[in-house]
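The values are calculated or read from the model by the stated rules, or taken from the named source; none is laboratory data. If you're wondering where the values come from, they're calculated on a predicted model, not measured in any experiment. All Cβ positions, glycine included, derive from the backbone under ideal geometry; neighbour counts span all protein chains shown.
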Amino acid sequence: MSSKDFYSVLGISKDASDEQIKKTYKKLAFKYHPDRNQGDKKSEEKFKEINEAYQILGDSERRSQYDTFGSAGFEGGGFPGGGFPGGRGFPDLEDLMDGFFNQGRTRSSSSRSSSSRSTRSKGRDIREELVLEFQEAVKGTKKNVSIRRAKSYKMCNACDGNGQVNYSQGFFSISRSCGSCGGVGAFPEKTENKTVEIKVPAGVDTGTRLRIRNEGDIGFDSGPNGDLYIDMIVKDHPFFSREEENIVCEIPISIPQAIIGGKIDIPTLDGKSELKIPSGIQPGQIMRLRGKGIKILNSSGYGDLFVKLNIVIPSKISDKQRMLMEEFQEEIEKDSKNPISEYLAKIKNFFN
Ligand SMILES: [Zn+2]
């Protein structure tokens, strides 16, 4: 039986910390969540895989079992509920936002569909998504978001505005939350369109949620307004990929550059920059530029920029290039300390 690699499903290394696993899972689950990708079969499949992986790797006992025995012991069964609220085996979109992973379950008023409200006169919260360019997310920006919110209310007739309805069963009078208004006691009557300016701090990522107080539905019975929650979605960048607060970019270099070193142009968050590379670069070698990464959210620190150097082997060369390469090869063979010359000497002795 082939063993599934749950680490590669999440795109993390085997020594990833619990915190890294959670963060990565949260980000991927948000990206591929069925509520955001309706009818998209690929996302659905990916979402299933991510959840399967997290049900193992997100639990320290199952993870160590998996590290020892592989996925075989986990086939088929799945985990009822998977530890997620609602017992669906995967989290609601809301649950992927702040708060869910810290404790068992205290659903704040952030849920628009929240049925049990403690302060009945508070307006409903509103949730919006904000799509940002990579650069906007890492540098911070200001954005206008248009919302539509309740401005006035009319009383719910089904419960006379109480939010509760009473019914009798035998000798008992039982009250339950009103089904018509969801226990609120009122319906929005008039709505208004509003543009809210959002200050996006530097360092946000897909899955970051901002809360803007008082910009939700207007309160009723002179209660406070609801809040506005903005969920960030950050677009990919042509050069950079993001790993937490670090940035990774791959730069092609030529064979001569790898051998003798030199200066290359690289993209940074602050524009084009010149990078001096030493001689003797090996394939896939990574150079680290400290502090050139992304500003850490709610901190003054910065991540790093990792430049991965890919040595490009040309498949077509000119006559002149061929001549130079042949000359170069002759020189290599003359140099007895070169690993290739050493190898040639070895193989010659071995078969003699
Ligand atoms: Zn009602």
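Does segment 226-234 include one or more residues that are of a type in the set (Gly, Ala, Ser) and buried (at least 19 other Cβ atoms within 10 Å of the Cβ)?
Checked segment 226-234: at least one residue is of a type in the set (Gly, Ala, Ser) and buried (at least 19 other Cβ atoms within 10 Å of the Cβ).
Could you list all residues from segment 7-53 that are of a type in the set (Phe, Trp, Tyr) and either closer than 20 Å to residue 244 by Cα or free of Cβ contacts under 8 Å to residues at least 24 places away in the same chain (or both)?
7, 25, 30, 32
Against the definition (in the same structural domain as residue 286 (by TED's automatic domain parsing) and touching a strand residue (DSSP E or B) at 6+ places or on another chain (Cβ under 7 Å)), how does residue 212 come out, yes or no?
It is false that residue 212 is in the same structural domain as residue 286 (by TED's automatic domain parsing) and touching a strand residue (DSSP E or B) at 6+ places or on another chain (Cβ under 7 Å).
Can you name the number of the only condition in (1) more than 11 Å from the ligand (Cβ to nearest atom); (2) assigned to a strand (DSSP E or B) that residue 187 fails?
Result: residue 187 passes all but (1).
On the basis of being modelled with pLDDT under 95, within 23 Å of residue 234 (Cα to Cα) and over 23 Å from the mean Cα position of the chain (by Cα), does residue 272 make the cut?
The answer is yes for residue 272.
Residue 204 is checked against (1) within 16 Å of the ligand (Cβ to nearest atom); (2) among the aliphatic types (A, V, I, L, M); (3) touching a Leu at 6+ places or on another chain (Cβ under 9 Å) and fails just one. What number does that condition carry?
(1)
Starting from segment 256-285, keep only residues that are within 24 Å of residue 138 (Cα to Cα), then list their pairs with residues that are of a type outside the set (Lys, Arg) and in a loop (DSSP other than H, G, I, E, B) whose Cβ atoms are within a distance under 8 Å, requiring at least 6 positions of separation or different chains.
267/239; 269/293; 269/294
Looking only at segment 329-345, decide whether some residue is part of a helix (DSSP H, G or I), of a type in the set (Ser, Thr, Tyr) and over 30 Å from residue 267 (Cβ atoms).
Filtering segment 329-345 down to residues part of a helix (DSSP H, G or I) leaves 329-334, 339-345.
Next, from what is left, pick out any that are of a type in the set (Ser, Thr, Tyr): 341, 343.
Among the residues that remain, those that are also over 30 Å from residue 267 (Cβ atoms) are: 341, 343.
Yes, segment 329-345 has at least one match.
For residue 196, indicate whether it is within 16 Å of the ligand (Cβ to nearest atom), assigned to a strand (DSSP E or B) and β-branched (Val, Ile, Thr).
no
Output the number of the condition that residue 226 fails; it satisfies all remaining conditions of (1) part of a strand (DSSP E or B); (2) outside the structural domain of residue 303 (by TED's automatic domain parsing); (3) not basic (Lys, Arg).
Of everything listed in (1) part of a strand (DSSP E or B); (2) outside the structural domain of residue 303 (by TED's automatic domain parsing); (3) not basic (Lys, Arg), residue 226 misses just condition (1).
Of all residues in segment 304-328, which are touching a strand residue (DSSP E or B) at 6+ places or on another chain (Cβ under 9 Å) and in a loop (DSSP other than H, G, I, E, B)? Give the steps one after another, and end with the answer.
Just the residues of segment 304-328 that are touching a strand residue (DSSP E or B) at 6+ places or on another chain (Cβ under 9 Å), to begin with: 304-312.
The answer is 304, 312.
Since residue 346 meets every condition but one in (1) surrounded by fewer than 12 Cβ atoms within 10 Å (Cβ to Cβ); (2) modelled with pLDDT of 95 or more, which condition does it not meet?
That leaves (2) as the condition not met.
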